[in-house]
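Structure, as structure tokens:
The values are calculated or read from the model by the stated rules, or taken from the named source; none is laboratory data. Because the structure is a prediction, the values reported are computed rather than measured. Note that each Cβ is placed from the backbone with ideal geometry, even for glycine, and that neighbours are counted across all protein chains shown.
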Amino acid sequence: MYAFIQKFHSGWAYIALLLLVIAVVNSLIGLASKKEFTAKDRKIALFGLIGTHTQLLIGLILYFVSPLGLSSFGQMSDKMLRLTSLEHPLINIIAITLITIGWSKHKKLITNESKFKTFSIFYGLGLVLILIRIPWSLWFK
């Protein structure tokens, strides 16, 4: 079961990252071109939100069934163990919280520019945080 969840978490990460990158690029293009914020733009951002939330759920399940999860907190001197047991989950929770805040804030905004700007900032920050805490050496094994 652990191996399946681990592979699923790694595989879904590609989908979640792709959806998030598309949402960030779409919001930057919308902001730069001063276009109207449409239902299509909202759906793109929603898919980014859903993709990252799904990834978080899979990751939390993996964390609690993993032999490296909670039991490794006494071994924080090991750099890779610290990354996978503490830094990766914590930073990704912060990143997905920022993405969720961006989604919530956009609903209260009226202007097209402010909606695109909100998504650009919050989704962009979330994307950067996710990218800097992916355990790349484990991902490309």
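Observations, loosely collected:
- Boolean, S72 is modelled with pLDDT of 95 or more and either under 26 Å from L18 (Cβ atoms) or part of a helix (DSSP H, G or I) (or both): no
- Check on A16, surrounded by 14 or more Cβ atoms within 10 Å (Cβ to Cβ), within 17 Å of R133 (Cα to Cα), in contact with a Leu (Cβ under 8 Å, 6 or more places away or on another chain) and modelled with pLDDT of 95 or more: no
- Applying a threshold of 6 Å to beta carbon distances and a minimum spacing of six or more residues, or different chains, the list of pairs starting in segment 7-34 at a residue that is over 15 Å from T52 (Cβ atoms) and touching a residue at least 12 places away in the same chain (Cβ under 8 Å) and ending at one that is surrounded by fewer than 17 Cβ atoms within 10 Å (Cβ to Cβ) and of a type outside the set (S, T, Y) is empty.
- Cβ pairs under 7 Å, 6+ apart, first in segment 115-141 and among the hydrophobic types (A, V, I, L, M, F, W, C), second assigned to a loop (DSSP other than H, G, I, E, B) and modelled with pLDDT of 95 or more: F116/F37
- Residues satisfying the stated conditions in segment 111-134, i.e. surrounded by fewer than 16 Cβ atoms within 10 Å (Cβ to Cβ) and more than 14 Å from the chain's Cα centre (by Cα): T111, E113, S114
- From the options L86, L125, L129, L60, residue that is of a type in the set (A, V, I, L, M) and at pLDDT below 90: L86
- Here L20 fits the description: within 12 Å of the chain's Cα centre (by Cα), under 19 Å from S120 (Cα atoms) and not charged (D, E, K, R).
- From the options L83, L90, L56, residue that is within 30 Å of S137 (Cα to Cα) and buried (at least 19 other Cβ atoms within 10 Å of the Cβ): L56
- Within segment 26-45, considering residues that are of a type in the set (A, V, I, L, M, F, W, C) and loosely packed, with under 14 Cβ neighbours inside 10 Å, the one nearest to the chain's Cα centre (by Cα): I29
- Screening A95 on (1) modelled with pLDDT under 95; (2) of a type outside the set (K, R); (3) surrounded by 12 or more Cβ atoms within 10 Å (Cβ to Cβ); (4) assigned to a helix (DSSP H, G or I) shows it passes everything except condition (1).
- Residue match in segment 41-63 (condition: of a type in the set (D, E), closer than 30 Å to K107 by Cα, in a helix (DSSP H, G or I) and in contact (Cβ under 8 Å) with a residue 24 or more places away in the chain): yes
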